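Here's the structure we're looking at; comments come further down.
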Amino acid sequence: MQSAHDEDLKIKGLRRDFPLRNYTTFKIGGPAKYFFEPHSLRDLNIAVSFIKDIRSPVYVLGGGSNLLVSDEGIDGVVLCMKHFEEKHIRRFGNLVRISAGYGLQRLVNQTARWGLSGLEGLAGIPGTLGGAVRMNAGSHIANIGEFVSFVEMMDSSGKIQRVRGSDIMWGYRSAHLDGCVVLYVEMELTRAAPSIVRKKISETYERKRATQPLTRRSAGCFFKNPASHSAGQLLDEAGFKGFVQGGAAISRKHANFIVNRGGASAGDVLALVKMVREKIKQLYNLELESEVAVWPY
Ligand code: FAD
Ligand code: EPU
């Protein structure tokens with residue numbers, strides 16, 4: 001007699017109890033009960049019919065650069081969009097159409113080569129375009145939502161809708177997508193000499209490299225900046241730089257980065273987060289809100 005497990009294994013691309021650690025820049029996290037990594041719309045449709053049948057929670061994964069996965073892993077389906085049509089990019093004058101799986105830094109560099117300006121302020125931000133749109137990724141210079149003219153996304157029933165960028169509610173490190181999966185993004189950029197675009201990219205990247213621990217395992221800034229404060233500055237003033245909890249530590253370079261020194265568990269990171277939050281509340285009466293997505297929700 002065949003078990004449900006044997007049946008599952010027949011579904012193209014489905015993997016069970018799949019370790020997520022190496023799919024996050026933190027290099028932390030347990031396995032996903034079910035894992036799909038669609039490369040095409042065809043693969044995605046197979047995943048969607050499985051998801052409809054199984055009725056488990058679905059977690060959409062991009063480059064895993066803004067993510068902390070629990071040590072126990074995910075009792076649900078992880079839909080990894082990192083390789084979804086990862087090479088798809090088309091230019092129509094100042095408009096560019098790109099797939100969600102396209103790497104953000106690849107996009108920054110490709111648009112510079114084409115002499116298209118706008119994305120320079122995103123230099124150095126890891127991850128995929130889909131993740132960047134969901135997070136409205138950005139810097140002091142610009143956020144990605146400013147350049148998005150259309151997003152094509154899939155809802156939980158598998159229906160694809162095309163939404164104007166101006167109809168999306170963009171926030172500070174957030175975009176309201178009603179739980180949809182970003183598939184393609186169209187962006188409108190402006191023309192400029194490639195050398196000027198490249199210079200701006202280098203300046204942004206150099207500033208980032210000088211102030212942030214880009215070579216360490218992290219998920220970027222852990223907390224959102226509270227209104228009119230910098231979380232990094234508050235944590236620095238509170239004396240947290242270099243503070244250690246198991247394998248996790250507060251970066252000495254930028255206090256809003258929690259780094260995995262090697263072998264950190266999600267539990268180590270969360271213990272550090274709890275400690276930091278309590279202290280900042282006590283010292284400044286401010287609630288620090290996590291920017292990093294913590295799975296399971
Ligand atoms: P993931 O981490 O995989 O996912 C993030 C969120 O997006 C999750 O909620 C996920 O469910 C959702 N998601 C992912 N893909 C899709 C999709 N196709 N459709 C729908 N939802 C999706 N961020 C900044 O804004 N500015 C910075 O300067 C910055 N610097 C960083 C520096 C370092 C060293 C690191 C490690 C991170 C930094 N980040 C920064 C955070 C992170 O890189 C960004 O948030 C990035 O845009 C996340 O993209 P991702 O593909 O890795 O998303
Ligand atoms: N500061 C300190 N000590 C620190 C860190 C910062 O005193 O340890 C001070 C700096 O000297 C500066 C101020 O705090 O006066 C602000 O610091 P910074 O310019 O580094 O910016 P930030 O507010 O800490 C934000 C984003 C970053 C983004 C940079 C550059 C948030 C939470 N962080 O950092 O985004 O790269 O601006 O634009 O909004 C991310 O979202 O993951 C991220 C890294």
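Bear in mind that the values in this text are calculations on the coordinates, not laboratory data. What you see is a predicted model, and the numbers here were worked out from it, not measured in a lab. Here Cβ is always computed from backbone atoms with ideal geometry, including for glycine, and neighbour counts include all displayed protein chains.
Please give the Cα centre distance for the stretch 275-297 versus the stretch 184-258, rounded to the nearest Å.
Using only Cα atoms, the two centres lie 18 Å from each other.
Of K241/K279; K241/K274; K224/K274; K27/K87; K208/K279; K208/K253, which pairs sit farther than 21 Å apart, going by alpha carbon to alpha carbon? List each step's numbers first, then the result.
On the way: K241/K279 14 Å; K241/K274 16 Å; K224/K274 15 Å; K27/K87 25 Å; K208/K279 27 Å; K208/K253 11 Å.
Among K241/K279; K241/K274; K224/K274; K27/K87; K208/K279; K208/K253, the Cα-Cα distance tops 21 Å for K27/K87; K208/K279.
Positive end of the dipole of the chain, charges at C-beta (+1 Lys, Arg; -1 Asp, Glu), about the Cα centre: which of A112, I11, A293 has its Cα farthest in that direction?
A112
Using Cα positions and a limit of under 12 Å, work out the aspartates and glutamates in reach of K200, with same-chain residues fewer than 8 apart set aside.
Within reach: E120.
Using Cα springs under 10 Å in a Gaussian network model of the chain, which residue among E203, E152, E186 shows the largest mean-square fluctuation?
With Cα springs under 10 Å in the chain, the top fluctuation among E203, E152, E186 is at E203.
Does the stretch 71-121 come out rounded, prolate or oblate by the C-alpha gyration tensor, with a ≥ b ≥ c the root eigenvalues, rounded set by a/c under 1.5 and, if not, prolate when a/b is larger than b/c and oblate if not?
prolate
Quick check on the chain: helices-only [θ] at 222 nm, where DSSP H runs of length 4 and up contribute -39,500 (n - 2.57) each and the sum goes over total residues. Nearest 500, please.
Details: 7 runs with 81 residues, N = 297.
Helices in the chain give a 222 nm mean residue ellipticity of -8500 deg cm²/dmol.
Going Cα to Cα from K82, which aspartates and glutamates come in below 17 Å? Please leave out same-chain ones fewer than 8 positions away.
Leaving aside aspartates and glutamates fewer than 8 places away in the same chain, those within reach of K82 are E37, D43, E152.
Just name one of I258, Q161, I46: the one whose Cα is farthest towards the positive end of the charge dipole of the chain (beta-carbon charges, Lys/Arg +1, Asp/Glu -1).
I258
Among I160, I28, which comes first, second and so on when ranked by fewest other beta-carbon atoms within 10 Å?
Values: I160 14, I28 26.
Neighbour counts put them in this order, fewest first: I160, I28.
I need the P(r) histogram for the stretch 97-186: all alpha carbon pairs, bin width 5 Å from 0 out to the longest distance, whole percents.
Values per bin, smallest distances first: 3, 15, 27, 28, 17, 7, 3, 1.
Dipole size in debye (nearest 20) for the chain around its Cα centre, Lys and Arg Cβ +1, Asp and Glu Cβ -1?
For this selection, approximately 960 debye.
Starting with the fewest neighbours, write out S40, S218 ranked by other beta-carbon atoms found within 10 Å of each beta-carbon.
Neighbour counts put them in this order, fewest first: S40, S218.
By counting other Cβ atoms within 10 Å of each Cβ, how are R42, R173, R277 ranked from fewest to most?
Listing R42, R173, R277 from fewest to most nearby Cβ atoms yields R42, R277, R173.
How big is the stretch 102-247 along each principal axis, measuring the range of its Cα positions in Å and listing the largest first?
Cα spread of the stretch 102-247 along its principal axes, largest to smallest: 48, 43, 30 Å.
Just grab the label-to-label distance for A210 and R55, each label 7 Å out from Cα along the Cβ direction, in nm (one decimal).
In this crude label model, A210 to R55 measures out at 5.8 nm.
Given bins 10 angstrom wide, list per bin the percent of all Cα-Cα distances in the chain, short to long.
6, 26, 32, 24, 10, 1, 0
May I ask you to derive the relative contact order of the chain, considering only C-alpha pairs under 8 Å and at least 6 residues apart, and to give it as an integer percent?
17
Find the centroid of the Cα atoms in the stretch 123-162 and in the stretch 93-107, then give the distance between the two in whole Å.
Value for the Cα centre distance between the two parts: 10 Å.
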